[in-house]
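Novice: Before I ask anything, let me first share the structure, which is written out below as structure tokens.
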């Protein structure tokens, strides 16, 4: 068990009567890759800025290695940040940007010599694959390259913790995937604790050791990516992480849940008898079978080809489910479905009950619209520059 | 595209009021009263070396003082809240809404031997000072009149510095002094260069301030040129030659400054 490095205790943040963070408790371990995940305005960036020292919590305490650091200014914290828009110094070239922290600080109690600075900067350039760029003007670099400079500038100081504020947000999809692998590699190679902020659930799942799902200034769930995906605590987490059908159910007894008046076997236990619950069924956990073998029967209303599978929307008594299957079912056909006990996850009712998990408004265009949010910037040129 | 026709009025304006006068000045500078080509006008300028050097010296001193006062003011201003900033900018601009001559006359009555300053000093039992009709009075007048032109460009560059750059520097271990020295100051230099241009050019060519506050003994280039056009010494050819030489020197100064201030593209005002 790695030791605890950072602890936030009951951290609350209020800006102009607006509660941005509400009694956050969080423990970050040494060498951990921890991701703060949530929609915009959920308080994830504020949490990061509290750790970085740029804002002080209205109430609550921040500990680093067991020492309270609420009043320690950012320049005295052994934490470095990769900012959302990189924040590279425009008046300095790549080399000087990276050397900035080395030039102004004492390291291990003394000033570094020119040669030491040089070798550390060159080593960093190597790590972020920017050799040969040292005397380039930072404003002439592509987004992906600026990103690497920002990471190098932070890592060269060998911080205990690296804070990353949506560092891949401005990059196009392909470059983002490459950088995810790169970041994970750097994290493993250096053993530095990463605290990573993102609103991209896929990014969070694929990179993190621990995911912290936040909404409305409150931590909804902390767990490994598998926990968060397989055992979401409430409808918000289930919906935010991946696709999910969330339906009302009644927990008859341990291992039996009733959905649409039918009893289903499940693996969940520990609920009160006949407790109303939210039931999550992931689209990939539903098997399409013959009507006569089906636990439930419904009508197909929409089929979209997705490459690996079809997205099938099935109407069950007015409630629409998303099912992902490799079998083609024509629209308007009647089908039966079967769900294995481990495909059902039961959650207590929460403030989010009834808000998510219905695919009634599903349309094929929906996916494209949400992709378009990523922004068209640099999409093509970026790739080319990066490859060159 | 059709849009380019929109620039026509501007081009006409520039041609009429900038290019044409410069051509006229050049033509005058190289001709005699009889209209013949000559270098005589430039030869005659040898007698005015002291006026040239005094003008440039006082302009440089005034510009330097404007930086020393203006930079901290601009910096402090940029740190205020948005509302306070607007009010303070108003206060800085306010005197500029008053007539330039009037402002300079006001300084006359302050600096005169029997003026406000000396009366105050006498009241406090201190010896009176003689400032009026000295180069000091001219410098005071210039600094007073041109200071806003130093503060505003510096201020506008500093407020535009991305807040995240300052946070990035703090994050990398810079204390307040280092943040200023390594980030804010270098990034504010374009504003300083604009300010220098906007103060130095009018300061080197001023004539009202020197006449009203400097008396007859401290003639500056502006006065000399004015004399050649409006004064008893009427000689527009010599006046044009002096104006031309001054212009060239100023342009060289600006060019040098921009060269040393590499990266200060925004400072190129000429």
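Novice: Out of (1) exposed (fewer than 15 other Cβ atoms within 10 Å of the Cβ); (2) in contact with a strand residue (DSSP E or B) (Cβ under 9 Å, 6 or more places away or on another chain), the odd one out for residue A:303 is which?
Specialist: (1)
Novice: Which condition breaks for residue A:117 when tested against (1) within 22 Å of residue B:175 (Cβ to Cβ); (2) buried (at least 18 other Cβ atoms within 10 Å of the Cβ); (3) touching a residue at least 60 places away in the same chain (Cβ under 8 Å)?
Specialist: (3)
Novice: Restricting the first residue to the range A:62-84 and requiring it to be outside the structural domain of residue A:21 (by TED's automatic domain parsing), which pairs with a second residue that is at pLDDT 95 or above and in a strand (DSSP E or B) meet a Cβ separation below 7 Å and a spacing of at least six or different chains?
Specialist: From the range A:62-84, no pairs qualify.
Novice: Any idea which residue in the range A:133-150 is surrounded by the fewest Cβ atoms within 10 Å (Cβ to Cβ), counting only those that are within 11 Å of chain B (Cβ to nearest Cβ) and in a helix (DSSP H, G or I)?
Specialist: Within the range A:133-150, the match that is surrounded by the fewest Cβ atoms within 10 Å (Cβ to Cβ) is A:139.
Novice: Filter the range B:153-199 down to the residues that are under 20 Å from the mean Cα position of the chain (by Cα), surrounded by fewer than 21 Cβ atoms within 10 Å (Cβ to Cβ) and away from chain A (no Cβ under 14 Å), then identify the one that is nearest to residue B:89 (Cα to Cα).
Specialist: Checked the range B:153-199; the qualifying residue nearest to residue B:89 (Cα to Cα) is B:156.
Novice: While we're here: For the list (1) surrounded by fewer than 20 Cβ atoms within 10 Å (Cβ to Cβ); (2) touching a residue at least 12 places away in the same chain (Cβ under 8 Å); (3) under 20 Å from residue B:148 (Cα atoms), I need the number of the one condition that residue B:257 fails.
Specialist: Condition not satisfied by residue B:257: (3).
Novice: Hey, does the range A:166-180 have a residue that's in contact (Cβ under 8 Å) with a residue 60 or more places away in the chain and closer than 18 Å to residue A:79 by Cα?
Specialist: Yes, that holds for at least one residue.
Novice: So which of B:78, B:109 ends up being under 22 Å from residue B:217 (Cα atoms) and either assigned to a helix (DSSP H, G or I) or in contact with a helix residue (DSSP H, G or I) (Cβ under 6 Å, 6 or more places away or on another chain) (or both)?
Specialist: None of the others qualify; the one that does is B:109.
Novice: Scanning for something closer than 30 Å to residue A:243 by Cβ and out of contact with any helix residue (DSSP H, G or I) (no Cβ under 9 Å at 6 or more places or on another chain), does the range A:144-154 turn up at least one residue? So that I can check it myself, show each step before the final result.
Specialist: Of all residues in the range A:144-154, those closer than 30 Å to residue A:243 by Cβ come to A:144, A:147.
When the remaining residues are screened for being out of contact with any helix residue (DSSP H, G or I) (no Cβ under 9 Å at 6 or more places or on another chain), the result is none.
The answer is no; no qualifying residue exists.
Novice: Hey, another quick one. What do you reckon, is residue B:262 modelled with pLDDT of 90 or more and either assigned to a helix (DSSP H, G or I) or within 14 Å of chain A (Cβ to nearest Cβ) (or both)?
Specialist: Taking the combined requirement at face value, the residue does not satisfy it.
Novice: If you don't mind, there's one more thing I want to ask. Have a look at A:268, A:311, A:287 and point out the one that is under 28 Å from the mean Cα position of the chain (by Cα), closer than 25 Å to residue A:236 by Cα and assigned to a strand (DSSP E or B).
Specialist: Unique residue meeting the criteria: A:311.
Novice: Could I ask something else about it? Is at least one residue of the range A:114-132 away from chain B (no Cβ under 14 Å), closer than 30 Å to residue A:26 by Cβ and out of contact with any helix residue (DSSP H, G or I) (no Cβ under 6 Å at 6 or more places or on another chain)? Step through it out loud before you land on a result.
Specialist: Of the residues in the range A:114-132, the ones away from chain B (no Cβ under 14 Å) are A:114-116, A:118-119, A:122-123, A:125-132.
Okay, now just the ones that are also closer than 30 Å to residue A:26 by Cβ, so A:127-128.
When the remaining residues are screened for being out of contact with any helix residue (DSSP H, G or I) (no Cβ under 6 Å at 6 or more places or on another chain), the result is A:127.
Yes: the range A:114-132 contains one or more residues that are away from chain B (no Cβ under 14 Å), closer than 30 Å to residue A:26 by Cβ and out of contact with any helix residue (DSSP H, G or I) (no Cβ under 6 Å at 6 or more places or on another chain).
Per-residue answers, yes or no, for (1) under 30 Å from residue A:29 (Cα atoms); (2) in the same structural domain as residue A:340 (by TED's automatic domain parsing); (3) in contact (Cβ under 8 Å) with a residue 24 or more places away in the chain:
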position	(1), (2), (3)
A:235	yes, no, yes
A:254	no, yes, no
A:262	no, yes, yes
A:269	no, yes, no
A:281	no, yes, yes
A:284	no, yes, yes
A:294	no, yes, yes
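Novice: Go through (1) in contact (Cβ under 8 Å) with a residue 12 or more places away in the chain; (2) at negative phi one by one and return the number of the condition residue A:216 breaks.
Specialist: Status for residue A:216: all satisfied but (2).
Novice: Among the listed residues A:158, A:153, identify the single one that is more than 20 Å from the chain's Cα centre (by Cα) and in a loop (DSSP other than H, G, I, E, B).
Specialist: Working: A:153 fails: in a loop (DSSP other than H, G, I, E, B).
On inspection, the qualifying residue turns out to be A:158.
Novice: For the range A:96-110, give me each residue that is touching a residue at least 40 places away in the same chain (Cβ under 8 Å), at the interface with chain B (Cβ under 8 Å from one of its Cβ atoms) and part of a helix (DSSP H, G or I).
Specialist: Across the range A:96-110, the qualifying residues are A:100, A:101.
Novice: Check the range A:247-260 and report whether any residue there is touching a helix residue (DSSP H, G or I) at 6+ places or on another chain (Cβ under 6 Å) and either more than 19 Å from residue A:43 (Cβ to Cβ) or exposed (fewer than 15 other Cβ atoms within 10 Å of the Cβ) (or both). Spell out the reasoning first.
Specialist: Taking the range A:247-260 as the starting set, the residues that turn out to be touching a helix residue (DSSP H, G or I) at 6+ places or on another chain (Cβ under 6 Å) are none.
No, that holds for no residue.
The values are calculated or read from the model by the stated rules, or taken from the named source; none is laboratory data. For clarity, every value in this text was computed on a predicted model and none was experimentally measured. All Cβ positions, glycine included, derive from the backbone under ideal geometry; neighbour counts span all protein chains shown.
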